[in-house]
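The values are calculated or read from the model by the stated rules, or taken from the named source; none is laboratory data. None of these values were measured; they are calculated from a predicted model. We place every Cβ from the backbone using ideal geometry, glycine too, and count neighbours over all the protein chains shown. Calculation scope for accessible area: heavy atoms of the full protein, side chains included, ligands and nucleic acids excluded. Shrake-Rupley method; radii C 1.70, N 1.55, O 1.52, S 1.80 Å.
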2 protein chains.
Amino acid sequence: MVETPKSQYAQIADELRARIDGETYAPGSPLPSEARLADEFGVSRVTINKAITLLRASGDVKVRRGADTRVRSLPRIPRDAKRRYAARQEGTGAGEVEARKLSLESTTTYREIARVPVLAGGGVAKALRLRKGEDALVRRRVLYANGEPTQIADSYYPWSIVRGDKALMRPEVGKGGSYSRLAELGYGPVRFTEDVTVRVPDDAEQRALELEATQPVFEIWHVAYAADDVPVEVCIHVMPGHLWTLKYDWDDVSAQDGP
Amino acid sequence: MVETPKSQYAQIADELRARIDGETYAPGSPLPSEARLADEFGVSRVTINKAITLLRASGDVKVRRGADTRVRSLPRIPRDAKRRYAARQEGTGAGEVEARKLSLESTTTYREIARVPVLAGGGVAKALRLRKGEDALVRRRVLYANGEPTQIADSYYPWSIVRGDKALMRPEVGKGGSYSRLAELGYGPVRFTEDVTVRVPDDAEQRALELEATQPVFEIWHVAYAADDVPVEVCIHVMPGHLWTLKYDWDDVSAQDGP
DNA sequence: CAGTGGTCTAGACCACCAC
DNA sequence: TGGTGGTCTAGACCACTGC
């Protein structure tokens, strides 16, 4: 490896990425061990490790500690913000619709369904415009595709609206998902907003989503409004960045504005 | 520093982040040197360096090689997909609108404005539905806020539509931005789509946006359609993830669907 | 138990910046 | 010219995996 303006580990990362793209290292298969790669490239193991750190951050490989380092195999999943809610009629929730389209086996685990107090002044309280001391119903879940975690989704509903609605207190909310239940309560959502940011995952998210500290996640605050702009749900999605493509579309409403 | 389930460098990163949040290290000010921090925490400089690598990936600090490491100071900029185009009437382009709202000084540099061939089968050709051999007008630019790069924006227009339109071949396209020029040509955009992904920046993007290899960027494919669903522009935005919040909103069009 | 990746160190050299 | 961060090494110990 000759000296160039680029560091050795960056060059090695490029080379490894090329091998992955060229399927020298096929999806799902393990890379050679760091020791072997250190031999091959004539560098120390630390340098190989640093190269692989780059591949991990970009989501190209996934390390199984004590075992090996494997090439990622999940494709990017399209998430069409508008259509996913229309399509949810086909399933028990919008989240599973996308995975199924790609013929991935989809599962959902529920971590918590409960009435909870909400942090005063926090994002949830603001989004739902909760008065001080007003509770929320929370539904915390993790979704998987082919056994790999694809997102954390925590939904909050104003308790004053859902009360103890039986369906919403159960994991399976029934046909059409939670929005159909809200509609039955007289609060069918008619308008939505989504705020999208990228950040690094915290410890809990790293565990739940099997991510590294440097792998970026999408954080989406999805807010549903019923008639009269009453917020009825905020869902906070945390999704591994390398797994998704977010899709939005809209019509121009100000086309009439001339210069 | 006692031994715990967490690595030393991760703990040190947490501690440094806490100091940043607590303004022990204020925005814009430099951290102590790595040697000094190594002394303080009683670890080697490599360990400190690894901790700081985490802070860099999350965008909390920015290293100036040979000089020092400083706390980031730019706030997150909201980018409202819908409204930015309506608001662009106030400026010469939508991109500068957001920065100005936050009282940031906004500048734009143009890297290229030219008629170019388009990679057959590539994303641009597909998005604009270009026939083989059909050229495009490209406008490549980099936007800055307070002197820091905030995004790369490369716009492509079908050459068959814009021809050599004088305004579009100049850096300053005039009041209302490029969409007003397209409207004058009879191709005013009326529908838009955006596909959003996150990934790590390539070498050129790292240089242009002053980013590290591990700092995620948004890649947004923004496509504008005129009447009859004719694609008239695709703009590829590459934006440092830590600088932006993307905002979308829409009304439900399928509320009538009952179970 | 052997192999793997995770972490850490001490020491070294380099390019770059500011003075 | 001295201080800074960037990189690299050799060697070490550890926890974990899978046989």
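What residue, among those in region B:56-69 that are out of contact with any Leu (no Cβ under 6 Å at 6 or more places or on another chain) and either within 10 Å of chain A (Cβ to nearest Cβ) or more than 9 Å from DNA strand D (Cβ to nearest atom) (or both), is most open to solvent (accessible area, probe 1.4 Å)? Here the residue is B:ARG56. Scanning region A:65-87 for residues that are assigned to a strand (DSSP E or B), over 10 Å from A:PRO30 (Cα atoms) and among the charged types (D, E, K, R) yields A:ARG79, A:ASP80. Can you name every residue in region B:149-180 that is open to solvent by less than 10 Å² (accessible area, probe 1.4 Å) and within 13 Å of chain A (Cβ to nearest Cβ)? Listed by number, the residues that qualify are B:GLY176, B:GLY177.
Using the structure shown, decide if B:TYR179 is at pLDDT 95 or above and of a type in the set (Phe, Trp, Tyr). It is false that B:TYR179 is at pLDDT 95 or above and of a type in the set (Phe, Trp, Tyr).
With region B:106-218 as the region, which strands (runs of 3 or more DSSP E) entirely inside it contain at least 2 residues that are of a type in the set (Ser, Thr, Tyr)?
Ranges flagged: B:106-116, B:148-158, B:191-199.
Tally time: how many residues in region B:220-247 are facing chain A (nearest Cβ under 7 Å) and without any contact (Cβ under 8 Å) to a residue 60 or more places away in the chain? Here the count works out to 0. The set of residues in region B:32-72 being farther than 28 Å from A:VAL217 by Cβ and away from DNA strand C (no atom under 13 Å from the Cβ) consists of B:PRO32, B:ARG36. A search for C-beta distances below 8 Å between a residue of region B:117-132 that is within 17 Å of B:ALA226 (Cβ to Cβ) and any residue that is open to solvent by less than 100 Å² (accessible area, probe 1.4 Å) and in a helix (DSSP H, G or I), counting only pairs 6+ apart in sequence or on different chains, returns B:LEU130/B:VAL124.
Report whether or not A:VAL217 is touching a strand residue (DSSP E or B) at 6+ places or on another chain (Cβ under 8 Å), closer than 14 Å to B:VAL198 by Cβ, of a type in the set (Val, Ile, Thr) and more than 9 Å from every other protein chain (Cβ to nearest Cβ). Answer is no for this residue. Taken over region A:36-48, the criterion of being assigned to a helix (DSSP H, G or I) and near DNA strand D (Cβ under 10 Å from one of its atoms) is satisfied by A:ALA38, A:PHE41, A:ARG45, A:VAL46, A:THR47, A:ILE48.
In region B:23-38, the residues that are over 13 Å from B:ILE52 (Cα atoms) form Cβ pairs under 8 Å with partners that are open to solvent by less than 30 Å² (accessible area, probe 1.4 Å), at six or more places apart or across chains, as follows: B:TYR25/B:LEU16; B:TYR25/B:LEU31; B:TYR25/B:VAL71; B:ALA26/B:VAL71; B:PRO27/B:VAL71; B:GLY28/B:VAL71; B:SER29/B:VAL71.
Of all residues in region A:16-48, those that are open to solvent by 40 Å² or more (accessible area, probe 1.4 Å) and β-branched (Val, Ile, Thr) total 2. Taking the listed residues A:VAL230, A:VAL238, the one that is modelled with pLDDT of 95 or more, under 23 Å from B:HIS242 (Cβ atoms) and of a type in the set (A, V, I, L, M, F, W, C) is A:VAL238, with no other qualifying.
When A:TRP250 is tested against (1) more than 9 Å from chain B (Cβ to nearest Cβ); (2) free of Cβ contacts under 8 Å to residues at least 24 places away in the same chain; (3) more than 18 Å from A:LEU143 (Cβ to Cβ), just one condition goes unmet, and that condition is (1).
Condition check for A:ALA51 on (1) of a type outside the set (Ser, Thr, Tyr); (2) at pLDDT below 95; (3) open to solvent by less than 40 Å² (accessible area, probe 1.4 Å); (4) within 9 Å of DNA strand D (Cβ to nearest atom): one failure, at (2). Restricting attention to region A:181-212 and to residues that are farther than 20 Å from A:ASP154 by Cβ and open to solvent by less than 40 Å² (accessible area, probe 1.4 Å), the residue that is nearest to the other protein chains (Cβ to nearest Cβ) turns out to be A:GLY188. B:ASP14 satisfies every condition listed in (1) within 14 Å of chain A (Cβ to nearest Cβ); (2) within 12 Å of DNA strand D (Cβ to nearest atom) except (2).
Is it fair to say B:GLN215 is assigned by TED's automatic domain parsing to the domain that holds B:GLU148, in contact with a helix residue (DSSP H, G or I) (Cβ under 7 Å, 6 or more places away or on another chain) and polar (S, T, N, Q)? Outline the logic, then answer.
Numbers: assigned by TED's automatic domain parsing to the domain that holds B:GLU148: yes; in contact with a helix residue (DSSP H, G or I) (Cβ under 7 Å, 6 or more places away or on another chain): yes; polar (S, T, N, Q): yes.
Yes; evaluated as a whole, the condition is true for this residue.
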